Amino acid sequence: MTGHILTVREPAGPPIDLTGVLPGRLAGDGAGVTVICGRERHPLDALFDIRDGGPSGSLILRPEGAVLDAVGAGMAEGEILVEGDCGDQAGRAMRGGTLIVEGRCGAHAAAAMQGGRLMVAGDAGDFLGAPLPGGTKGMGGGTVTVGGSAGDRVGERMRRGLVTIQGNVGALCCARMIAGTVVVGGGCGPEPAAAMRRGTFLLCRAPDPPPTGFVDGGENDWLFLELLRRELRVHGSWPAGFPVAGTRARRLIGDRSAGGRGELLILSEA
Amino acid sequence: MLTKLSGGRVYDPANGRDGVVMDLYVRDGRIVGDPGRGAAPDETVDLAGKMVMAGAIDIHSHIAGGKVNIARLLMAEEHRATAVAADGLCRCGGGVASPSAHVTGCRYARMGYTAAFEPAMLPSNARHAHLEMADIPLIDTGAYVVLGNDDLLLEMLASGAGEEEIADYVGWAVNATRSLAVKAVNPGGINAFKYNQRRLEVDEPGPFHAVTPRRVLTALAAAVRRLGIPHPLHLHGFNLGVPGNVESTLDSIGAADGLRLHLAHVQFHSYGLEGDRRFSSAAARLAEVVNARPNISVDVGQVMFGQTVTASADTMAQMSNTRLAHPKKWAVMDIECDAGCGVVPFRYRDKAFVNALQWAIGLELFLLIGDPWRVFLTTDHPNGGPFTSYPELIRLLMDRDYRLAKLAELHPEVPKHTILGSLRREYSLGEIATMTRAAPARILGLADRGHLGPGAAADIVVYTDDADRRRMFETPDLVFKDGRLIVRRGEVVAMAEGRTHVVEPAYDPAIERRVARHFEERMGLKAVHFRIGEDEIRGGNGLVRHLCRPGVF
């Protein structure tokens with residue numbers, strides 16, 4: 001038994017919401033499966049050329065330039081490979097399995113994610129690992145790796161899990177974070193970790209200006225960093241800007257203005 | 001074109017018909033009398049064995065305006081979980097407790113409703129509310145302007161303005177905002193909230209203007225009468241949801257001093273302090289007073305179990321409700337010089353004592369108030385539950401066995417705290433037709449709605465008799481809007497535009513100078529721009545004016 005390869009028939013059409021299109025869910029030619037495209041619901045095979053291919057339990061999507069939203073939403077097992085860019089909400093509320101995006105992805109990727117792995121080769125949009133619009137719970141588990149940069153509010157209200165970003169992040173990264181770990185290889189925008197309660201935000205460059213509401217806990221060696229490095233080597237995603245060795249980092253504790261005890265770790269030069 | 005609706009059993013309380021088998025004739029969107037043997041109908045619809053009523057009218061449902069939009073934003077999870085795709089006729093949308101505008105119209109029409117009225121339109125939100133109501137298809141709409149906490153009125157009262165001057169200001173406000181009626185929400189209380197006060201008794205002077213809520217209430221009720229607005233002052237009373245608040249409710253009735261007064265969502269205002277839990281039903285006390293005073297009408301605001309969102313201008317009540325928010329998020333804010341806004345998501349649980357007793361109190365009120373012309377079927381959508389729960393509510397009123405079965409499923413303490421189990425009354429179809437059709441039309445002054453006599457708009461609903469009244473009222477066979485078939489077996493088959501109902505009471509334009517000065521000094525725009533033009537309502541093509549009769553209503 002093989003997986004499926006879905007190729008968009010009409011790339012210039014409106015965004016296609018792929019909620020419910022998951023590995024192992026497509027029987028045969030995908031007959032009976034419908035998705036919302038723009039404002040209307042259509043049969044999946046009217047929008048995609050569906051063929052057998054790829055390993056069993058996998059799904060290969062070829063957007064051909066079309067906007068595919070909610071790729072892997074609610075996914076629990078299997079693997080999805082997107083040979084191009086994703087739209088918004090990639091890996092939304094994912095519980096398991098692996099979603100690999102060879103291009104970029106839009107806003108709300110890994111929103112409310114609970115488990116599994118999301119790997120994005122390019123950039124990610126705003127609200128990576130944050131709650132869905134109107135929601136109160138950010139990412140609650142799983143691993144996200146981004147090869148490029150990410151937008152504003154990465155890891156907002158995050159509760160558990162690991163997010164690594166090779167490049168830069170925008171404003172309010174880790175704002176209102178409750179737990180979990182975010183690692184950023186590049187620079188970060190204004191107001192990092194605003195109103196953070198707990199959790200770890202690991203940076204290799206000190207934020208400028210320094211975040212208000214944090215107290216300096218001094219520079220120390222952190223064994224945790226070596227363990228994290230080992231873990232990330234497994235995923236092959238240790239941010240490029242980070243030193244390859246060394247466990248020394250300055251620890252800022254806060255955000256005290258919100259009664260928080262989270263940590264902002266700024267790596268020292270190895 | 002003449003259409004004959006042949007042989008249906010007609011329930012039309014306004015014209016004294018209670019299950020009379022007869023033919024109805026429709027010409028050009030209006031019901032006409034029997035045209036005689038000579039006139040051959042162009043179309044005949046056989047309704048033998050079917051039940052026929054006028055289109056239902058919801059007198060109190062929050063369907064448009066600022067707070068409804070905030071509720072939609074807060075209930076984003078619900079909108080995602082209940083997304084509706086476009087189907088060729090109805091547009092896409094979603095939501096249950098706070099449905100999107102288009103979905104609101106489609107759902108109402110599917111249930112046989114042809115009109116719903118937004119009961120709390122703040123003047124500063126009026127333009128937005130009208131734009132949104134124009135986006136609600138298939139049903140007629142209208143709104144009640146909220147006064148009683150606005151700085152100008154309170155200033156006028158504080159400076160001793162006379163009854164005539166107050167009436168002129170109210171008349172200006174109703175005209176400027178294109179409203180159908182006047183509503184007061186916790187009069188004086190929302191203004192007091194802005195000065196950090198969390199409670200205001202009926203006879204307690206407000207913190208800034210030193211005007212008592214009783215004074216505001218009587219002034220507005222008198223102004224409504226003086227202007228001859230058909231609908232009496234629509235009052236969201238004091239201390240909403242607070243145990244023991246029945247005293248304030250009875251005080252309000254006393255303050256009306258014989259003037260007509262409509263008490264909104266009285267279920268939330270009928271609480272006593274008896275029993276171990278210091279929370280009890282005062283429905284019997286209130287019902288006794290309402291039964292004895294023909295100047296008082298009420299809508300119930302029944303609680304229905306499940307997730308909903310509460311949205312109200314009453315910041316005082318909503319601020320105290322924020323600790324009960326579910327999911328845990330809320331928004332409470334002041335709105336310009338008008339009033340306020342509080343939106344708190346809430347889940348009513350049948351196993352929670354307070355919620356279950358609220359459910360029982362609402363049903364007690366329905367069953368204890370004897371006159372169906374003065375009690376209206378509402379859930380205060382979405383505050384007590386979404387309007388889509390009306391068919392379930394109708395079944396609870398019409399089927400005692402079903403009601404008792406539901407009562408037995410509630411929190412075990414509740415049956416001991418309510419007399420609901422001993423109430424034998426079951427509503428008849430005629431009474432349901434009264435409280436959902438004839439009575440709302442009459443109390444709102446809609447002369448050509450809510451009945452099936454000659455001259456009435458041909459808003460007609462056809463049902464198949466079914467012992468399960470919920471099923472019957474959930475999916476009507478046919479719904480006609482202005483003579484046009486829009487729903488067949490619960491599905492929309494044609495799109496139609498509703499109308500916006502307004503009144504235009506006469507007032508002395510001299511008041512506009514004072515209003516203009518107030519706007520110049522305090523507001524973000526000029527009074528002349530604040531006023532909504534006729535061409536702004538449904539593109540200038542949808543206004544229905546109703547008659548004001550000073551001194552009569």
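The values are calculated or read from the model by the stated rules, or taken from the named source; none is laboratory data. Owing to the predicted nature of the structure, the values given are computational and were not obtained by experimental measurement. Cβ atoms come from the backbone with ideal geometry, glycine included; neighbour counts cover every protein chain shown. Just so you know, the surface numbers come from the protein's heavy atoms only, side chains and all, with ligands and any DNA or RNA stripped out. Shrake-Rupley method; radii C 1.70, N 1.55, O 1.52, S 1.80 Å.
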**OP:** Have a look at A:P11, A:P15 and point out the one that is surrounded by fewer than 17 Cβ atoms within 10 Å (Cβ to Cβ), under 21 Å from A:G74 (Cβ atoms) and in contact (Cβ under 8 Å) with a residue 12 or more places away in the chain.
**Re:** A:P15
Original post:
How about the stretch B:534-553: which of its residues are in contact with a helix residue (DSSP H, G or I) (Cβ under 8 Å, 6 or more places away or on another chain) and surrounded by fewer than 12 Cβ atoms within 10 Å (Cβ to Cβ)?
Top reply: B:G539, B:G540, B:G551
Subject >> Number of the exception - A:T98 against (1) among the hydroxyl-bearing types (S, T, Y); (2) closer than 19 Å to A:G20 by Cα; (3) open to solvent by less than 20 Å² (accessible area, probe 1.4 Å) >> reply: (3)
Original post:
Within the stretch A:7-50, restricting attention to residues that are among the aliphatic types (A, V, I, L, M), closer than 17 Å to A:G87 by Cα and part of a strand (DSSP E or B), which residue is nearest to the other protein chains (Cβ to nearest Cβ)?
Top reply: A:I36
**OP:** Looking only at the stretch B:188-213, count how many residues are surrounded by 21 or more Cβ atoms within 10 Å (Cβ to Cβ) and either of a type in the set (S, T, N, Q) or within 18 Å of the chain's Cα centre (by Cα) (or both).
**Re:** 1
Subject >> Members of the stretch B:308-326 found to be crowded, with 17+ Cβ neighbours inside 10 Å and within 14 Å of another protein chain (Cβ to nearest Cβ), listed by number >> reply: B:V309, B:A325
Subject >> Filter pass, B:V332 being among the aliphatic types (A, V, I, L, M) and open to solvent by 10 Å² or more (accessible area, probe 1.4 Å) >> reply: yes
Original post:
If we keep just the residues of the stretch B:249-271 that are open to solvent by 10 Å² or more (accessible area, probe 1.4 Å) and among the small types (G, A, S), which is farthest from B:R285 (Cα to Cα)?
Top reply: B:G258
Original post:
For the stretch B:67-121, how many residues are outside any strand (DSSP E or B), out of contact with any Phe, Trp or Tyr (no Cβ under 8 Å at 6 or more places or on another chain) and facing another protein chain (nearest Cβ under 10 Å)?
Top reply: 14
**OP:** Among the residues of the stretch A:192-219, count how many are closer than 27 Å to A:Q114 by Cβ and not aliphatic (A, V, I, L, M).
**Re:** 6
Original post:
Which residues, counting only those in the stretch B:188-225, are within 21 Å of B:V145 (Cβ to Cβ) and of a type in the set (F, W, Y)?
Top reply: B:F193
**OP:** Just one of (1) within 14 Å of another protein chain (Cβ to nearest Cβ); (2) out of contact with any Ser or Thr (no Cβ under 9 Å at 6 or more places or on another chain) trips up A:G57, so point out which.
**Re:** (1)
Subject >> Residue among A:A171, A:A130 that alone is within 14 Å of chain B (Cβ to nearest Cβ) and in contact with a Gly (Cβ under 7 Å, 6 or more places away or on another chain) >> reply: A:A130
Original post:
Would it be correct to say that B:V303 is touching a residue at least 40 places away in the same chain (Cβ under 8 Å), in a loop (DSSP other than H, G, I, E, B), more than 14 Å from chain A (Cβ to nearest Cβ) and at negative phi?
Top reply: yes
Original post:
Could we say that B:L74 is closer than 30 Å to A:T34 by Cα, open to solvent by 40 Å² or more (accessible area, probe 1.4 Å), touching a residue at least 40 places away in the same chain (Cβ under 8 Å) and not acidic (D, E) here?
Top reply: no
Original post:
Scanning for something on the phi > 0 side of the Ramachandran plot and open to solvent by 60 Å² or more (accessible area, probe 1.4 Å), does the stretch A:21-43 turn up at least one residue?
Top reply: yes
**OP:** Output the residue which, of all residues in the stretch A:134-171 that are polar (S, T, N, Q) and within 20 Å of A:R104 (Cβ to Cβ), is most open to solvent (accessible area, probe 1.4 Å).
**Re:** A:N168
Subject >> Scan of the stretch B:327-343 for residues that are in a strand (DSSP E or B) and within 14 Å of another protein chain (Cβ to nearest Cβ), ordered by number >> reply: B:A331, B:V343
**OP:** Look through the stretch B:136-153, keep the residues that are buried (at least 24 other Cβ atoms within 10 Å of the Cβ) and among the aliphatic types (A, V, I, L, M), and return whichever of them is farthest from the chain's Cα centre (by Cα).
**Re:** B:L153
Subject >> Verdict on B:T388 being out of contact with any strand residue (DSSP E or B) (no Cβ under 8 Å at 6 or more places or on another chain), within 25 Å of B:A433 (Cα to Cα) and surrounded by 24 or more Cβ atoms within 10 Å (Cβ to Cβ) >> reply: no
Original post:
For the stretch A:18-49, what are the residues that are in contact (Cβ under 8 Å) with a residue 24 or more places away in the chain and of a type in the set (S, T, N, Q)?
Top reply: A:T19
Original post:
Does the stretch B:510-530 include one or more residues that are in contact with a strand residue (DSSP E or B) (Cβ under 6 Å, 6 or more places away or on another chain) and either over 26 Å from B:L396 (Cβ atoms) or part of a helix (DSSP H, G or I) (or both)?
Top reply: no
**OP:** Answer yes if at least one residue in the stretch B:105-120 is surrounded by 24 or more Cβ atoms within 10 Å (Cβ to Cβ) and over 29 Å from B:R469 (Cα atoms), and no otherwise.
**Re:** yes
Subject >> strands (runs of 3 or more DSSP E) completely within the stretch B:15-63 that count 3 or more residues being open to solvent by less than 60 Å² (accessible area, probe 1.4 Å) >> reply: B:17-27, B:50-54, B:56-58
**OP:** Return yes or no: is B:T82 open to solvent by 20 Å² or more (accessible area, probe 1.4 Å), among the hydroxyl-bearing types (S, T, Y) and over 21 Å from B:E132 (Cβ atoms)?
**Re:** no
